[in-house]
């Protein structure tokens, strides 16, 4: 497994070694011992989530406040997304900064998103299946949402008219956001 650092501390790109031949392929999607050895980060995943989205669906920017804050390991099983992370850790030198990644089923790349990072994605293809492992259980009362199209953040989602949930339509503007991280 190859692990690359990004410009936001703790956000990592993981690329598994794929073994392929004329029958297909095999790869180890996650190995806790290797992850912890290479990153120095201890993880304990307690919940796996999966969603299916049509082209144009945008989900995010979501997070859970402490003590229910989640680390997430995300990947695409089929289709393609524009994946977005936003640093909401007040003491971080990259507070308020975001990164975007294209994740698709062909690359097998994964993104490690540590606690204190808001996350969202936009589906770029129909029938996109998005999978993520979480370090803490979902806790509705602790969830938060930053407005996806906040002009201060200026995130280019590559979608003109996204399909949104009511929660995502009513996210908090970053200027009004009070981070608990």
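Nothing in this text is a laboratory measurement; each read-out follows from the coordinates by a stated rule. Since we're looking at a predicted model, the values are computed, not measured. Glycine also receives a Cβ, built like all others from the backbone with ideal geometry; neighbour counts cover every protein chain displayed.
Annotations
- Working ranking of peptides 76-87, 167-178, 18-29, 104-115 by packing, defined as the average number of other Cβ atoms within 10 Å per residue, highest first, is 76-87, 104-115, 167-178, 18-29.
- Overall form of the chain: oblate. Here a/c, set by the Cα gyration tensor axes a ≥ b ≥ c, is 1.5 or more, and a/b is not larger than b/c.
- GNM top mover of 55, 17, 97 - the chain, alpha-carbon springs below 10 Å: 17
- Rounded if a/c under 1.5, otherwise prolate or oblate - region 79-153, Cα gyration tensor axes: prolate
- Per residue of the chain, the DSSP helices (runs of n ≥ 4 H) give a summed -39500 (n - 2.57) that works out to -1500 deg cm²/dmol at 222 nm.
- Shape call, region 6-81: gyration tensor on alpha carbons, a/c limit 1.5: oblate
- Rounded Å value of the spacing that divides the Cα centres of region 1-70 and region 105-148: 10 Å
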